[in-house]
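Right, one structure below, let's go through it.
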Amino acid sequence: VQLQASGGGSVQAGGSLRLSCAASGRIFSINVMGWYRQVPGKQRALVAIIANTGIPNYAHSVKGRFTISRDNTENTNTVYLQMNSLKPEDTGVYYCNLFTGGIDYWGQGTQVTVSS
């Protein structure tokens with residue numbers, strides 16, 4: 001399984017960014033994709049996840065501002081994270097995650113920086 005993330009960057013508070021992550025390889029039909037954020041000195045924390053059923057879950061801090069979605073094709077599963085009304089505390093490295101077949105897979109991190 002390979003995960004290829006894109007998006008991220010720098011934006012002022014109140015702005016928007018969109019992350020995407022394409023997963024390819026042996027992906028079981030039952031799976032969960034999502035995004036986690038890590039800041040220096042802290043553990044990686046869940047931002048949003050979405051199951052293959054399309055049911056999302058969000059961290060409390062991003063509810064109403066972030067939207068996770070996904071596209072499933074025969075060979076690729078892609079997850080998106082639309083981030084609106086960004087706040088400085090949203091700053092961090094965002095990692096794409098796929099949980100399938102009992103295994104966690106991680107993409108490369110992408111930096112999101114929100115300035116006040």
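The values are calculated or read from the model by the stated rules, or taken from the named source; none is laboratory data. Keep in mind the model is a prediction, meaning the values are calculated, not measured. Methodologically, a virtual Cβ is constructed for each residue, glycine included, from the backbone with ideal geometry; neighbour enumeration extends over all protein chains shown. To get the accessible areas, we keep the full protein, side chains included, count just its heavy atoms, and leave off ligands, DNA and RNA. Shrake-Rupley method; radii C 1.70, N 1.55, O 1.52, S 1.80 Å.
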Going through region 1-29 one residue at a time, which ones are in a loop (DSSP other than H, G, I, E, B), touching a residue at least 40 places away in the same chain (Cβ under 8 Å) and either farther than 11 Å from LEU98 by Cα or acidic (Asp, Glu) (or both)?
-> GLY8, ALA13, GLY14, GLY15, SER16, ARG26
Options ALA45, ALA51, ALA59, ALA13; residue that is hydrophobic (A, V, I, L, M, F, W, C) and farther than 17 Å from THR91 by Cα | ALA51
Taking region 30-46 as the search range and keeping residues that are free of Cβ contacts under 8 Å to residues at least 40 places away in the same chain and outside any strand (DSSP E or B), which one is farthest from VAL79 (Cα to Cα)?
-> GLY41
In region 102-116, how many are over 13 Å from the mean Cα position of the chain (by Cα), more than 17 Å from ALA13 (Cα to Cα) and either open to solvent by less than 50 Å² (accessible area, probe 1.4 Å) or among the charged types (D, E, K, R) (or both)?
-> 1
Just one of THR67, THR91 is under 16 Å from GLY15 (Cβ atoms), in contact with a strand residue (DSSP E or B) (Cβ under 6 Å, 6 or more places away or on another chain) and open to solvent by 70 Å² or more (accessible area, probe 1.4 Å); which is it?
-> THR67
